[in-house]
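Visitor: A single structure is presented below for examination.
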Amino acid sequence: MAYKCNDRMQRTLFPPLIEDYVTAEDPVRVYDAFVDSLDFESLGISLEPKGGADEYYPKEMLKLTIYGSSYGIHSSRKLERACHHNISFKWLMGDLTPQYRTIARFRSKHKEAIRKVLKQCVHICIKLDLIEGNTLFTDGSKFRANASISNTWTKEKCRQYLRKIDKKIDQYIDESERIDAEENNQESMIQIKQNIQDKQALMNKIKNTLEVLKKDNKTQLNTTDPDCIKAKSPQGTHASYNVQSTVDEKHGLIVNTEAVSQSNDSNQLSRQVSQASEILEKKPKNVCADSGYSSVKDFKEIDKDINVIVPSQKQAQKDNDRHPLKPFDKEQFKYNKDADRYTCPEGNQLRYIGFSGGPTKKCYRAKAKICRKCRYFGKEAGKCTNSKSGRKIIRLVDEELKEQMESNYASEQGQEIYKLRKQKVELPFGHFKRNLRVGQFMLRGKPKVNAEVAILATCFNITRMISILGIPNLILALKS
């Protein structure tokens with residue numbers, strides 16, 4: 001059997017045209033057609049030539065940014081290298097080779113415009129009948145920020161460091177006095193004075209950080225990236241962003257994304273639904289999310305015409321066999337709306353006695369003498385209560401809304417929609433972290449990070465569009 005080999009010194013001819021570098025069905029042609037189809041005026045990027053030094057055409061730079069991200073190439077230095085060595089990049093850029101500083105400046109200058117690319121991508125998908133906007137799924141995932149967790153400060157950490165620095169400065173002052181009395185060593189004195197100045201400068205920075213925490217009423221602040229937060233993930237605790245993603249049911253295409261400075265998903269659903277509705281230019285019929293979004297306060301902000309399918313924490317625990325219903329749980333007590341009172345399983349009444357722990361919670365209590373005579377009074381397992389004041393139940397002011405949400409989830413339609421949640425909304429995060437190799441964000445600050453997220457979401461949508469329509473049909477549709 002012969003081996004195939006070649007001689008590096010053998011003379012060959014490249015195709016005479018750069019156009020011939022890639023085949024007609026190469027995916028790079030889709031990205032080229034996609035960017036050509038965008039409305040740059042709506043993005044806020046001018047395509048008109050200006051006076052002064054030459055610069056690269058914005059369309060080509062945006063093509064480079066999106067296409068590079070689609071193959072997990074996010075670094076401006078690696079993008080520059082790809083323009084020199086990768087045939088598809090040479091074709092895309094017409095053999096132009098912008099320097100990494102030029103690429104980085106373009107992304108920084110047009111971060112707001114880049115964020116709008118996803119919106120236009122969604123509108124293209126709507127025109128191609130790939131997004132319906134009837135049922136939306138929302139979820140969040142933690143992504144590491146371009147900052148160290150050691151630079152995350154709390155008020156207590158600031159106070160501890162200030163006390164340590166005070167002690168250290170006192171030690172340096174004592175040392176300088178000792179040297180003055182004993183040695184009069186000029187070099188040692190200079191070093192000690194420099195150390196004192198460094199500690200005082202650090203003290204001023206920490207004091208400024210403490211003032212910001214107090215002024216903005218924040219619990220934590222990262223001095224490298226003030227917008228990121230300290231969050232736990234399966235990979236550990238890091239300085240992170242919580243990336244929210246909302247996808248459409250039909251093909252799982254992303255409608256909206258946003259990086260938020262919040263370690264959990266609570267109170268995020270109404271905001272994400274509002275943003276998605278604005279992009280779709282219509283209200284969805286159904287919105288679905290996991291129990292992390294369960295918040296009655298947040299549900300009140302969502303349009304009443306939208307069917308919200310979110311399990312309560314207790315429903316989620318019950319589904320996972322973590323919270324079996326007990327004989328005297330709140331659910332076993334019947335509420336009488338007209339009389340505004342509860343009836344226990346034994347037929348005794350619990351009357352409203354006032355608010356408990358704030359204006360959002362109402363307290364109902366049974367008469368103490370009735371409870372103490374009840375056969376289920378005591379500390380043993382299976383008993384109702386051992387309180388001498390009688391059994392107490394807390395009811396939210398908006399309890400009816402909570403019950404409506406639980407009913408939506410428990411319904412046959414709600415269960416069918418919720419079963420689709422994982423396969424629709426969690427796929428993009430897997431694509432970001434595995435296929436696009438996003439271990440952490442490269443940029444700092446929420447505006448720049450959101451531009452990164454928008455590019456990732458656009459790459460995911462284009463990949464799905466290629467899978468659904470095929471490269472020739474998609475290119476034809478984009479050009480038309």
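The values are calculated or read from the model by the stated rules, or taken from the named source; none is laboratory data. Since we're looking at a predicted model, the values are computed, not measured. Please note: Cβ atoms are built from the backbone with ideal geometry, for glycine as well, and neighbour counts cover all protein chains shown.
Visitor: Just to verify a result, which residue in the range 436-470, among those that are within 27 Å of residue 148 (Cβ to Cβ) and of a type in the set (S, T, N, Q), is surrounded by the fewest Cβ atoms within 10 Å (Cβ to Cβ)?
Guide: 440
Visitor: Moving on. Only strands (runs of 3 or more DSSP E) wholly contained in the range 237-342 count here; list those with 2 or more residues that are surrounded by fewer than 17 Cβ atoms within 10 Å (Cβ to Cβ).
Guide: 334-336
Visitor: Go through (1) under 30 Å from residue 466 (Cα atoms); (2) touching a residue at least 24 places away in the same chain (Cβ under 8 Å) one by one and return the number of the condition residue 238 breaks.
Guide: (1)
Visitor: For the range 307-345, which residues satisfy the criterion of being touching a residue at least 24 places away in the same chain (Cβ under 8 Å) and either within 20 Å of residue 413 (Cα to Cα) or in contact with a Lys or Arg (Cβ under 8 Å, 6 or more places away or on another chain) (or both)?
Guide: Within the range 307-345, 307, 308, 309, 310, 311, 312, 315, 316, 328, 335, 342, 344 meet the criteria.
Visitor: How many residues does the range 344-367 contain that are surrounded by 14 or more Cβ atoms within 10 Å (Cβ to Cβ) and of a type in the set (A, V, I, L, M, F, W, C)?
Guide: Final tally of qualifying residues: 4.
Visitor: Identify, please: which residue in the range 458-480 is of a type in the set (Ser, Thr, Tyr) and part of a helix (DSSP H, G or I) and is, among those, farthest from residue 124 (Cα to Cα)?
Guide: Here the answer is 467.
Visitor: Being among the polar types (S, T, N, Q), crowded, with 16+ Cβ neighbours inside 10 Å and over 23 Å from residue 435 (Cα atoms): is that true of residue 135 here?
Guide: Yes: the conditions hold for residue 135.
Visitor: Here's something else I'd like to know. Out of all the residues in the range 435-457, which are at pLDDT below 90 and either of a type in the set (S, T, N, Q) or assigned to a helix (DSSP H, G or I) (or both)?
Guide: Result: 440, single match.
Visitor: Just to be sure, is residue 146 modelled with pLDDT of 75 or more and either surrounded by 15 or more Cβ atoms within 10 Å (Cβ to Cβ) or not assigned by TED's automatic domain parsing to the domain that holds residue 31 (or both)?
Guide: So residue 146 passes the test.
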